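Asks: Below is the structure I would like to discuss, written out as structure tokens.
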Amino acid sequence: MTDERMGWPVVLTDGPVTLRPYRRRDAKPWSAMRRANENWLAKWEPTPLGSWYDTHHPASFKALYRDLAKSAKSGAAMPFAVCYDGVFVGQLTIGNIVRRAFRSAYAGYWVDQGHAGRGITPTALALAVDHAFAYGGLHRVEVNIQPDNRPSQRVVEKLGFRREAMHERYLYIDGGWRDHIGYAVTIEDISEPGGLLGRLKALSV
């Protein structure tokens, strides 16, 4: 595996759900979406250095875009903008990619509250993990979720992620060190035709 950027850049689509690389012009929709979702997201995400409103100004997107582009170029991440019917609604990142014998990464995601319940998150996660396994050179993807975040737990459980561990005081979120449940899936866990997306579609039949 000589190309450290395997599988990137790429656009992934299933029905109305599309994952694509961020663009500079995403600054305003990103800012508007993040500011509108403070109450929805703040309790699950690392505490920002500053007020939520200020740290999600369109100008703040420039630094985010630069950092994500740098990580993607080095092969350390696959940062996707999540779109629904062509409209930006969230983000999913395959991050902290480690190659060689480990070939592992984590997945983190968020979706606008107004679009929750439409199957966007499980579809996006299935698309991203299937791609990471098939073209990104990865063997394992993990997701870490707070114990109180049952909707996010249902997403990974539906896709067949297994619960591996309880990480105590794992991340500093919303003013305190929060425990997280560690979930993971490996290539060997997927036997259905079509990967995780195939598994998700089989559940809806």
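Asks: Inside the stretch 65-101, can you point out the residues that are of a type in the set (Lys, Arg) and open to solvent by 50 Å² or more (accessible area, probe 1.4 Å)?
Replies: Listed by number, the residues that qualify are Arg66, Lys70, Lys73, Arg100.
Asks: Right, here's the next one. Show the residue pairs that are 6+ apart or on different chains and have beta-carbon atoms under 8 Å apart, the first residue being within the stretch 46-58 and without any contact (Cβ under 8 Å) to a residue 24 or more places away in the chain, the second being of a type in the set (A, V, I, L, M, F, W, C) and open to solvent by 50 Å² or more (accessible area, probe 1.4 Å).
Replies: Listed pairs, sorted by first residue: Thr55/Leu49.
To keep it simple, each residue is scored yes or no on (1) within 30 Å of Arg169 (Cβ to Cβ); (2) modelled with pLDDT of 95 or more.
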position	(1), (2)
Glu4	no, no
Thr13	no, yes
Arg24	no, yes
Pro29	no, yes
Met33	yes, yes
Pro46	yes, no
Leu49	yes, no
Tyr53	yes, yes
Lys62	no, yes
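Asks: Could you pull out the residue among Asp130, Asp85, Asp112 that is touching a Pro at 6+ places or on another chain (Cβ under 6 Å), modelled with pLDDT of 95 or more and among the acidic types (Asp, Glu)?
Replies: Selected residue: Asp85, the only one of Asp130, Asp85, Asp112 that is touching a Pro at 6+ places or on another chain (Cβ under 6 Å), modelled with pLDDT of 95 or more and among the acidic types (Asp, Glu).
The values are calculated or read from the model by the stated rules, or taken from the named source; none is laboratory data. These numbers were taken from a predicted model, which means no experiment stands behind them. Here the Cβ is made from the backbone with ideal geometry for all residues, glycine too, and neighbour counts use every protein chain on show. When the accessible area is computed, the model is the full protein with side chains, heavy atoms only, and any ligands, DNA or RNA have been set aside. Shrake-Rupley method; radii C 1.70, N 1.55, O 1.52, S 1.80 Å.
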